[in-house]
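S.K.: One structure is given below, represented as structure tokens, and several questions about it will come after.
Nothing in this text is a laboratory measurement; each read-out follows from the coordinates by a stated rule. Just so you know, these numbers come straight off a predicted model, no measurement behind them. Cβ atoms come from the backbone with ideal geometry, glycine included; neighbour counts cover every protein chain shown.
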Amino acid sequence: MKRRKKYGTFRGGFTRGKALSLVGAFLLWVFYVLFAPGDDALQGTVVRVTDGDTVVVAVAGEERRVRLIGVDTPETVHPNKPVQRYGKEASDFTKKSLLNRTIWLEYDTAPLDRYKRHLAYLWMTKPGAGEEAIRRDMFNARLILEGYGKVMTIQPNSKYADLFVKFQKEARAKQRGLWSRD
């Protein structure tokens, strides 16, 4: 009887077939995690709104301070800057739209900034595909479309940057929010 070569340091070791099966299962899991559409979004509840583009979200019993990717609203709570024009309106819009609401967080390439805030796209429903879903259900996009914020792209998080620029041009042409001539 031919003896199988054993691998590893566990009791009894691994046969080559078992080792290859484990590697194959791991590779399938990695493929699923990287390419499953929308399945990686985290569901949570907005428990606090810091300002127009920063919220606190409860996810699986943990509170995460979340900075919305791709948009910058005027300051309302910056320690060294006064409240900026349209800042209160942007903050109020975010509170009215998100506070105590179930949302989904979609992460891009870099999950945290230098202040340890989570960087995410915030969806009002499970993330969808296509421009219409983004216009309707992604809060980052709504802030830009309604003129509450401007596009701010910080690499490497730029998945929707081109669409956000298009939305800002639209808001500006329709003189919404920041772009109004009051």
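S.K.: Please list, short to long, the whole-number percent of alpha-carbon pairs of the stretch 82-182 in consecutive 5 angstrom bins beginning at zero.
M.R.: It works out to 2, 12, 20, 24, 24, 14, 4, 1, in whole percents.
S.K.: At a Förster distance of 22 Å, what's the computed FRET efficiency of residue 165 paired with residue 85, Cβ-Cβ distance as r, to 0.05?
M.R.: 0.50
S.K.: With a point put 7 Å past each Cα toward its Cβ, work out how far residue 58 is from residue 155 in nm, to one decimal.
M.R.: Going from the residue 58 label point to the residue 155 one covers 4.0 nm.
S.K.: Run the simple label-point estimate for residue 124 and residue 174 please: 7 Å along Cα→C-beta, distance reported in nm.
M.R.: Once both label points are built, they end up 1.3 nm from each other.
S.K.: Still on this model: So how much slack lies between residue 100 and residue 42, counting 0.36 nm per residue of separation and subtracting their Cα-Cα distance, in nm?
M.R.: 19.3 nm
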